[in-house]
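Chemist: Dropping the structure in here first, questions after.
What follows draws every value from the coordinates through simple rules; no lab data is involved. Since this is a predicted model, take the numbers as computed values, not measurements. Virtual Cβ from ideal backbone geometry, glycine too; neighbours counted across all protein chains shown.
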Amino acid sequence: MNLIELSKYLQDEQAAENYLYKKGILKKYTECHHCGFDKLGHLSRNRIKCYKCKKEWHKRKGSFLEGKQISCSKFIAFLKLYAEEIGVNRITDELELDKKTVIFIHSSIRQLIVKELHHSNNPKKLKAFIWMNKDKIEIDFDRPPSAGMHESANYFELDFSRYKEYGNLYSFLVNSKWIGKKQHHYKMLDRFLGFLKMKLISYRGLKVEYFIDFLLELIIKFNNRDKIFYEEVLEILQNSKGG
């Protein structure tokens, strides 16, 4: 989405809502989810009512935006800024939102990204290591990865393993790919570590748990580097349920 299109939605709340319906972020109800009756009425306060069983529910029920205090227009702008790697503080200022709301939505999106990563396949992999101790974070870029062989598409995961001697050991995992009978292909691993180094320069987090979320987010960005990240986030949100 470019800025011209974004400005259109910022100035027209109904157009923004229609866009989110079109993208599948908001769920369109054609029948009652209680009794299945197809005659529904739209009430004030953004509620829907079934003419048969008389049950009412909010029109955002069952969508990612359920329970989130943000307009459709500002949510589209939020996604645009999030995809452009704009931080929480600046999003709060730019959209004039409550910071707790921004943090909640930001965290909710990252939780969905974590679920997306956990759905990946898990064949044998190559590894590069990250040590997460109580007082500091150490990333060993020079450790030679352990060899694993699997013919598959290349992607990364974050393995949550625990070793007492290191505190918490988090391993970046990448599918290995053979380009010959004897030669391993490490290009993907090198590219990811270069990508990681570049992104870590701008990291400003304090708590380890936030750093883990940051890493998971980077992994999905790298795995989908040939796609527009904004569109990738939309796709993840389409498959989410409200809450």
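Chemist: Please order Lys49, Lys100 by the number of other Cβ within 10 Å, starting at the fewest.
Modeler: On the way: Lys49 16, Lys100 10.
Ordered from fewest to most neighbouring Cβ atoms within 10 Å, Lys49, Lys100 come out as Lys100, Lys49.
Chemist: Based only on other Cβ atoms within 10 Å, what is the fewest-to-most ordering of Glu17, Glu85, Glu96? Spell out each step's value before the answer.
Modeler: Working: Glu17 21, Glu85 12, Glu96 7.
Least to most surrounded, the residues fall as Glu96, Glu85, Glu17.
Chemist: With +1 on each Lys and Arg Cβ and -1 on each Asp and Glu Cβ, how big is the dipole of the stretch 32-80 about its Cα centre, in debye rounded to the nearest 20? Write down the numbers at each step before the final one.
Modeler: Working: 13 positive and 3 negative charges, 25 e Å.
Approximately 120 debye in magnitude.
Chemist: Could you go through the stretch 73-90 in sequence order and give the Karplus-derived ³J(HN,Hα) for each residue, using 6.51 cos²θ - 1.76 cosθ + 1.60 with θ = phi - 60°, rounded to whole Hz, and x for Gly and Pro?
Modeler: My calculation for the stretch 73-90 gives 5, 6, 5, 4, 5, 4, 4, 4, 5, 4, 5, 8, 6, 7, x, 4, 4, 6 Hz in order.
Chemist: Output the Kirkwood hydrodynamic radius of the stretch 46-92, Cα pairs only, in Å rounded to one decimal.
Modeler: On the way: mean 1/r = 0.0786 Å⁻¹.
With all distinct Cα pairs of the stretch 46-92 included, I get 12.7 Å.
Chemist: Return the distance in nm (one decimal) between the two label points of a simple spin-label model at Cys35 and Lys54, each offset 7 Å from Cα along Cα→Cβ.
Modeler: For Cys35 paired with Lys54, the spin-label model returns 1.0 nm.
Chemist: Using the crude model of +1 on Lys and Arg Cβ and -1 on Asp and Glu Cβ, and no other charge, please compute the dipole size for the stretch 39-119 relative to its Cα centre, in debye to 20.
Modeler: On the way: 18 positive and 9 negative charges, 182 e Å.
Dipole magnitude for the stretch 39-119 comes out near 880 debye.
Chemist: I need Arg90, Arg60, Arg191 ordered by Cβ neighbour count within 10 Å, fewest first. Numbers along the way, then the final one.
Modeler: Working: Arg90 11, Arg60 19, Arg191 14.
So the residues, fewest neighbours to most, are Arg90, Arg191, Arg60.
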